[in-house]
Amino acid sequence: MHHLSSFDIFKKGISSIVLAEKPTSDVSGRLEKDKMDINSDDSAKKVAKKLFYSLAFPDGNFLGKDEDIKSKLDIRHFTPYFGKPEEAKEAFDVFDKDGNGNLTRREFRDTVVQIYRERKGLAQAIRDTSQAMGKIDGILLVITCLITLFVSLSIFSVDFWAALIPFGTLLAACTFIFDTSAKALCQGIIFQFVTHPYDSGDLVLIDGSYMFVENIGILGTIFIGADGMKLYAPTVLLQTKIICNVRRSGNMGESLTFNIDFRTNNETILLLRERLSEWVQSQSRDFATGFDMRVSQILDMNQIILVVWLPHKGNWVELGKRFQRKTRFMLALKSILTELNIRYELPAQRITSTSQNPFDISQILKPQNFNKQEAARSI
C-alpha cells in the first residue's frame, strides 16, 4: 500500500482549503469551516491571512498591530508539520517565489490567490473542453448514423445511388451552403485541440491588446478587454494572428528609453547605470537579475539615447502589479537623475530675420486712419 509523505499530506490539506469548492471534514485547525469556502479573490486573501497567522503564531499569541505587519515566515515555521526537513523545504519553496529564505504576508497571500485563480482557470478549461467534446460527439453521432444507413441499404440490396437521385438538388444545395461551415468546423477542432494556444482565464496579447479569455468554442472565442468590453473573435480570424500567452510565460521584462544631454560626461553615465542596478537588486521581490543599461545612439550631437532593460520576476498576468512595479522604477529613475544632475535641454536655436527690428520704436508704423481714406473716396 502506498503511504503518502508529509508533503503530500500538506498539499492535500492546503488544496482542501484553497482549491476545493466546499471544505472537507478532515481539515483541522483554528480556521472556521464555514469561512473556508473560497469563491473570490477576497475570500482567498482572508484564508491566506488566517493561514499565515496560524503558521506564524501557532500558540495563538498575536503580536501588536505594528509588529504583526512586519512578521515573516521562514523554514522553521513549516518544519513542525513535516517528518523530514526536505519535505518542509519543498513546501516552503512553493510560497517563497523570490528564494530569499523568508515569506512576507504579501508573498503568502499572492501565492494563495494564485492557486485559487489557477484552480478557477482549470475548472473553466474543463468546462469549455466538455462543451466542445459534446458538440463533436453530436457531429460524430450524425456521421455514424449516415454510415449505418448506407451499410443497411447495401445489405438489403437497395440501389443507393438511385435512391439519391430525387434528393440530388437538395444535396447539392446543402453542399454549397455548408461547405464553408464544415471547413471552419474542422479548422476550429484543430485549433482548439491541437494548436491550443490558450485556456479559459489566460491573459493573451493579440494585435497589441491585452485580453482575458472568458469562453472557448470550436467556432469562436469570447475575450474580455482591459476596459471590460466583451469581444467575440471567430476561430478563422484567430488562426491568422500571432497570439502571445502571458499566463504561460516565465519571467518577463521590458525596455525603457529616455534621453539625456550630450554634454553628460561618461563617468556620470556609468554611475547612473550602477545606481539603477543597485536599486533593482534591492527590490529582489519584484525584479529578477539581468538588469542592464546601454547607450542606444547619439542623436543630432545634442542628446544621448539610453535604453534600460528591466527584468520582472514572474509574468504579467496581473497587469496592475506590473504597472505598479514600473511606476516605482520610474520614480526611482527620476530621483537618481535629479541627484546626479542629469538632464536634457533643447539646443539653442539661431533666429535670423530680414525684417525691420521690432524693438526699434522709431520704425513702428503709425496706425492706419480709415476716416481719411473714406473722405478721399467721397471726393
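Overview of results
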quantity: Pair list, Cβ under 7 Å, 6 or more apart: the stretch 314-343 residue surrounded by fewer than 16 Cβ atoms within 10 Å (Cβ to Cβ) and in a loop (DSSP other than H, G, I, E, B), other residue aliphatic (A, V, I, L, M) and modelled with pLDDT of 95 or more; calculated: LEU340/LEU271; LEU340/LEU272
quantity: 3 or more residues among the hydroxyl-bearing types (Ser, Thr, Tyr), surrounded by fewer than 11 Cβ atoms within 10 Å (Cβ to Cβ) and on the phi < 0 side of the Ramachandran plot: qualifying helices (runs of 4 or more DSSP H) within the stretch 95-199; calculated: 105-155, 168-190
quantity: Cβ-Cβ under 6 Å pairs, at least 6 apart or on other chains, the stretch 151-178 side within 21 Å of ILE139 (Cβ to Cβ), far side surrounded by 10 or more Cβ atoms within 10 Å (Cβ to Cβ) and modelled with pLDDT under 70; calculated: none
quantity: Listing of strands (runs of 3 or more DSSP E) fully contained in the stretch 225-308 that carry 2 or more residues being among the polar types (S, T, N, Q); calculated: 253-261, 292-299
quantity: The lone exception for LEU103 - which of (1) within 30 Å of ARG248 (Cα to Cα); (2) out of contact with any strand residue (DSSP E or B) (no Cβ under 6 Å at 6 or more places or on another chain); (3) at pLDDT below 85 it fails; calculated: (2)
quantity: Hey, PHE78 surrounded by 14 or more Cβ atoms within 10 Å (Cβ to Cβ), more than 30 Å from the chain's Cα centre (by Cα) and modelled with pLDDT of 80 or more or not; calculated: yes
quantity: Residue check, ILE190 β-branched (Val, Ile, Thr) and either in contact (Cβ under 8 Å) with a residue 24 or more places away in the chain or touching a helix residue (DSSP H, G or I) at 6+ places or on another chain (Cβ under 8 Å) (or both); calculated: no
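The values are calculated or read from the model by the stated rules, or taken from the named source; none is laboratory data. What you see is a predicted model; the values in this text were computed from it and never measured. For neighbour counting, all protein chains shown are included, and Cβ atoms are generated from backbone atoms with ideal geometry for every residue, glycine included.
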